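Here the structure comes first, spelled out in structure tokens, and everything after it is commentary.
Quick note: the coordinates plus some simple rules give every number you see, no bench work behind them. The model shown is predicted, which means the values in this text are computed figures rather than measured ones. Neighbour counts run over all protein chains shown; Cβ positions are idealised from the backbone, glycine included.
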Amino acid sequence: MTESDRMSTAANPTPAKKPPKDSPRELVETIVFVVVLVLILKLFVVEAFVIPTGSMAETLFGYHKTVQCDQCGYTFPVNASEEEEGRKDNEGNVRRYPVIGYHCPNCDHEGRLKPNDAASGDGKVVKSDEGDRVLVHKAMRIDHRGSVVVFKFPKDPQLDHVAQNYIKRLVGFGGETIAIYHGDLFVHKSLIYPTDSQLHPLPEDPKDLWDKRYTYTGADTALKAFDSSKALGFPEDGTGFVLIRKPDDQVLAMRRIVYHNDFQAKDLTKIPPRWKTSGEGWGAAEAGQKIYTHTGDGRGFLKYEHLRVKNSQRMRDFTEATKPQRITNFMGYNAGSKGTGGPDGMANEDANDNWVGDLHVECNATIADPAASVILDLARGPNRYQAHFADGQVKLIRTGPGGKELSTRPTPMTKAGTYALRFANVDCRLRVWVDGEAIDFGGQSDYPYELSEKPDKDDSTGEGWSKVNDIDEPAAIEVRGGVTLANIVLWRDTFYTHTPGHKTLQPETFFVQPAHFLCFGDNSSQSHDGRGWGLVPERLMLGRAVFTFWPFRRIGFIR
């Protein structure tokens with residue numbers, strides 16, 4: 001063999017045979033790897049949870065039925081937790097109560113359903129669902145007010161070897177004092193509670209600081225500070241209580257239906273439409289009208305009345321005429337009636353009958369040219385708030401006592417076309433969206449919190465509403481020029497209720513102990529949360545709920 005042959009052989013050796021694969025072993029190793037990875041992710045990063053109850057409705061749902069109203073066709077959820085899981089009776093036995101009735105939050109019709117999802121003549125169950133399934137990020141820092149969080153229940157973190165996990169919205173951090181007042185939340189970040197064994201006690205065991213006793217609810221120290229801040233208009237200088245303003249994405253996530261004009265009752269003599277035209281330029285009015293076309297330079301008005309059917313279910317013959325009422329925190333989710341002697345979901349009617357003044361109105365506006373104008377108008381107490389759209393701009397105006405122009409910004413409405421407009425007055429901040437994009441007013445759309453000290457003569461309870469505004473015309477749309485309006489919807493903001501037994505029209509305060517959190521449910525009138533039992537220690541906080549992955553139609557990020 002030549003030298004070159006030897007080099008060639010060395011460079012190209014005969015390939016060795018590969019050892020045979022140990023397929024069963026590789027399969028076992030793969031399964032073990034996947035299981036370990038899943039356990040690590042579950043333990044340290046992300047975990048799936050099922051929402052069992054309706055305390056976070058309508059942001060997140062527990063067991064519920066999706067019901068379609070027979071009168072207007074509007075589809076909405078109804079709490080079915082006591083049908084699926086039951087509740088204990090006085091003898092301690094768990095009984096299930098089927099949902100047999102509904103109260104439509106859109107048209108106010110009260111209908112009946114047969115148990116076990118069979119449709120009756122009044123309405124039908126579109127679907128029955130278990131609770132939403134959500135992903136909880138355990139490694140994410142809990143440092144953002146308004147986050148939806150999961151934690152172990154402080155009183156019984158584990159019951160009968162089952163973890164008691166709760167899900168709520170975080171509203172307060174350690175060292176803060178949170179106040180509920182007329183449905184809104186306020187925060188004081190530096191209020192000092194003098195050490196006193198009677199007024200501000202501390203537990204022998206620091207692990208008991210979560211108990212409601214140590215939130216000092218209604219302490220004179222907090223109430224005096226609140227009254228002082230209120231007298232000054234809740235200035236944002238950090239020296240007192242400040243109104244908590246939700247960011248835009250939470251405003252949209254926490255809104256609740258008042259009326260969708262595309263879903264009107266079949267029998268308009270019993271349940272009449274709520275939007276009515278007046279002024280010049282409208283075409284002939286039609287029964288059940290959903291699209292409104294205006295022509296000419298005259299001023300045309302479309303005004304809303306919150307017409308509700310009085311005692312509809314009890315009367316059943318609709319002999320009581322409908323009449324305008326104030327907009328309240330009523331939710332159809334809480335109003336399902338139950339069979340076999342079950343408790344009525346609306347048993348605590350006072351908690352669901354509070355005036356809500358923070359509203360949103362939205363519509364699709366087709367304009368013939370940029371000079372045509374659309375004004376979205378919302379009432380709140382003695383004042384009205386308006387968004388004027390014309391000539392490619394939007395102008396915010398506050399009318400009534402102390403009325404003034406707040407700000408002007410450009411919009412995409414620079415040519416003829418159809419635009420989706422939304423105007424909201426929530427948490428003393430005016431907000432505008434055009435085609436789903438928020439307009440940035442740089443803080444100029446905020447206004448001081450006010451509640452009239454001299455209630456309207458018709459407001460016997462002193463809630464702060466005005467008959468001429470909040471009853472006769474809580475929302476309106478004014479147009480000039482060639483404008484067509486469609487898809488008109490009115491929403492309200494989430495309303496935080498007080499602890500049962502607390503005076504509704506007085507502030508209720510909660511001190512958040514250091515290294516603790518205060519958490520409330522979005523379905524405030526039906527939520528078992530920090531108002532009733534207290535705080536969440538940091539050591540029991542599991543993580544932040546970030547994503548709903550089932551049911552399929554509700555997939556999305558949690559706001």
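How far apart, in nanometres, would the label points at Val50 and Thr461 be if each is projected 7 angstrom from Cα along the Cα-to-Cβ direction?
Output for this residue pair reads 3.8 nm.
Relative to the present Cα-Cα distance, how much length would full extension add between Ala163 and Ala368 at 0.36 nm per residue of separation? Walk me through the intermediate numbers first.
Numbers: separation 205, 0.36 × 205 = 73.80 nm, distance 6.03 nm.
Once the chain is fully extended between Ala163 and Ala368, it gains 67.8 nm.
For a Förster distance of 30 Å, can you work out the FRET efficiency between the beta-carbons of Ala416 and Ser278, rounded to the nearest 0.05? All intermediate terms of the calculation are to be shown ahead of the outcome.
Values: r = 26 Å, r/R0 = 0.86.
Result of the calculation: an efficiency of 0.70.
Based on Cα positions only, what radius of gyration and what Dmax would you give for segment 243-307, in angstroms?
Rg and Dmax of segment 243-307, Cα atoms, are 15.9, 45 Å.
As an exercise, use a Förster radius of 45 Å and the Cβ-Cβ distance of Glu538 and Asp391 to find the FRET efficiency, rounded to the nearest 0.05.
0.25
Once you've got the Cα coordinates, tell me which of Lys246/Lys323; Lys212/Lys503; Lys230/Lys503 are over 27 Å apart.
Lys246/Lys323
Using the eigenvalues of the Cα gyration tensor, what equivalent ellipsoid semi-axes result for segment 377-417 when each is taken as the square root of five times the eigenvalue, whole Å, largest first?
24, 10, 5
Give the average over all directions of the projected area of the C-alpha convex hull of segment 138-184, one decimal, in nm².
That works out to 4.7 nm².
With the Cα gyration tensor of segment 503-559 giving a ≥ b ≥ c as the square roots of its eigenvalues, does the rule (a/c under 1.5 for rounded; else a/b larger than b/c for prolate; else oblate) give rounded, prolate or oblate?
oblate
Work through the residues other than Ala424 whose Cβ is under 11 Å from its Cβ and net out their charges, Lys, Arg +1 and Asp, Glu -1.
Details: positive: Lys246, Arg255, Arg422, Arg429, Arg431, Arg492; negative: Asp248, Asp358, Glu362, Asp427, Asp493.
Net local charge, Ala424 excluded: +1.
Pop a pseudo-label 7 angstrom from the Cα along the beta-carbon direction at both Phe557 and Arg299 and give the gap in nm to one decimal.
Label-label distance for Phe557 and Arg299, simple model: 4.2 nm.
Output the peptides 259-272, 220-233 sorted from most to least packed, where packing is the average of other Cβ atoms within 10 Å over each peptide's residues. Could the numbers behind the result be given before it?
Values: 259-272: 18.1, 220-233: 15.8.
Result, highest mean Cβ count within 10 Å first: 259-272, 220-233.
With N denoting the number of residues in segment 63-106, provide Rg(C-alpha) divided by 2.2 N^0.38 Å, to two decimal places.
Details: Rg = 13.0 Å, N = 44, 2.2 N^0.38 = 9.3 Å.
The reported ratio for this selection is 1.40.
Residue separation times 0.36 nm, minus the C-alpha to C-alpha distance between Lys155 and Lys224: what's the value?
Length gained between Lys155 and Lys224: 21.8 nm.
Net charge near Glu405, counting Lys/Arg +1 and Asp/Glu -1 over other residues with Cβ under 10 Å of its Cβ?
Values: positive: Lys395, Arg398, Lys404; negative: none.
In short, +3.
Taking one equal scatterer on every alpha-carbon of segment 440-559, how large is log10 of I(q)/I(0) by Debye at q = 0.09, 0.19, 0.20 1/Å?
Log-scaled intensity ratios, in q order: -0.50, -1.28, -1.29.
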